[in-house]
Amino acid sequence: MTASSQRTHATGTINVKTYEPEPYDEQADGPTLVRIHVREDFSGDIEGEGTVVFLQITSGEGEASFVGVERVTGSLGGRTGTFVLQDQGTLKGSTVSGAWFVVPDSGTGELAGLRGEGGFTAELGQSAEITLDYWFE
C-alpha cells in the first residue's frame, strides 16, 4: 500500500439497529448525563457495521450535546478493515447533526493509514445522511 494525500469524498447512510440510553447522573435542577450504546449499519461508499458509545448532556428543553467513539467494521472505497470515528454533535428539536474524524492510527487491514473528517445529519427516528472526506497516510 502506498501513501497518498489525495482526498476522496464518500457519502452514505446510517441506519440505527439498536439504541440503548442509560442515564448515569440525573439532577432535578440541571441537565441529565446519559450513556447511549448504539449499533448501526452503514451503506453507500462506507459499507459495514458500527458500534458506538455516546455520552450525552440532555437539557429539559429538547436539546442535547454529545460526544462519541465508534468502531466501524466493513469497507471503504473497496478496501476492507476497521477504523474508529470520534464524534461530536447536537440535538436541536428533532434534528441530530454532528462532525467526526477518523482517529489517527485506528485503521486496520486494508484501511491502515486511513485519515478523514466529515459529518452527519438526521431527523430523529430516520436514517442519517453521512459524509467522509478521507485519504491514506
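Just so it is clear, none of the values below were taken in a lab; they were calculated from the coordinates. Fair warning: this is a prediction, and the values are worked out from it, not measured in the lab. For neighbour counting, all protein chains shown are included, and Cβ atoms are generated from backbone atoms with ideal geometry for every residue, glycine included.
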Cα-only Rg/Rh for the stretch 1-119 with Kirkwood Rh rounds to 1.03
Ordered by fewest other Cβ atoms within 10 Å, a rough proxy for footprinting exposure, Y24, Y19, Y134 read Y24, Y19, Y134
With E47 itself left out, Lys, Arg at +1 and Asp, Glu at -1 over residues whose Cβ is under 14 Å from its Cβ give -4
The rounded separation in angstrom of the Cα centers of the stretch 1-54 and the stretch 93-122 is 9
